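The values are calculated or read from the model by the stated rules, or taken from the named source; none is laboratory data. Quick caveat: nothing in here was measured; it's all calculated off a predicted structure. Reconstructed Cβ throughout: ideal geometry from the backbone, glycine too, with neighbour counts over all protein chains shown. Protein only, heavy atoms only, side chains kept; ligands, DNA and RNA dropped before computing areas. Shrake-Rupley method; radii C 1.70, N 1.55, O 1.52, S 1.80 Å.
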Amino acid sequence: MQYLLLVGLGGALGAMARYAVNQAAIMQFGSSLVGTFIANVSGSFFLGLLMGFLSSHSVWPEETRMFLAVGFLGSYTTFSTLSLATIQSLQRGDVTTAVINLGASVLLGLTAALGGLILGRAL
């Protein structure tokens with residue numbers, strides 16, 4: 001039950017952070033697509049960073065890992081929103097935006113996760 005509450009609290013905070021990123025992207029760029037992109041790439045980096053760090057600092061309690069990795073970052077990143085935004089771009093006939101959004105999100109997400117993992121292990 002304790003893990004469930006920690007994941008729930010982390011998820012609520014991650015969702016609020018995700019919403020804040022999206023609102024900032026709408027104000028700055030006029031597009032929630034950019035907010036989804038930023039959340040997915042930065043979330044990939046931070047999850048990689050966290051897991052890399054925890055691989056060499058295993059003294060952190062399991063509760064902390066669950067709160068941050070499963071709760072906060074699981075809620076902060078938004079693969080389902082990425083999928084929907086890509087489909088909506090395709091339905092509008094904007095194939096270029098759909099391909100760039102999907103390709104860049106996956107490639108930069110993987111690169112960010114790897115960079116975070118490497119940096120986390122080095123800390």
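Just a few scattered comments:
- Table column - 3J(HN,Hα) (Hz), the stretch 70-83, Karplus curve with 6.51, -1.76, 1.60, x for Gly and Pro: 7, x, 4, 6, x, 7, 5, 7, 9, 4, 5, 5, 4, 4
- Stretched out straight at 0.36 nm per residue, the stretch from Leu5 to Leu119 would grow longer than its current Cα-Cα span by 38.1 nm.
- Each of Ser55 and Ser32 was given a label point 7 Å from its Cα along the Cα-to-Cβ line. The distance between the two points is 3.6 nm.
- Calculated P(r) tail over 18 Å for the stretch 33-80, as whole % of Cα pairs: 31
- Rg/Rh ratio calculated on Cα atoms of the stretch 32-123 (Kirkwood radius): 1.09
- Solvent-accessible surface ranking, highest first, for Met1, Met16 at 1.4 angstrom: Met1, Met16
- Proximal charge balance of Gly71 [Cβ under 13 Å; K/R count +1, D/E count -1]: 0
- Environment charge of Leu50, counting only residues whose C-beta is closer than 13 Å and scoring Lys/Arg +1, Asp/Glu -1: +2
- Across the stretch 61-66, rounded Karplus estimates of 3J(HN,Hα) from the backbone phi angles (6.51 cos²θ - 1.76 cosθ + 1.60, θ = phi - 60°) give x, 4, 4, 5, 4, 5 Hz, Gly and Pro being marked x.
- Both radii are taken from the alpha-carbon atoms of the stretch 16-58; with Rh as the Kirkwood radius, Rg/Rh is 1.18.
- Placing pseudo-labels 7 Å out from each Cα toward the beta carbon at Ser83 and Glu63 gives an inter-label distance of 3.4 nm.
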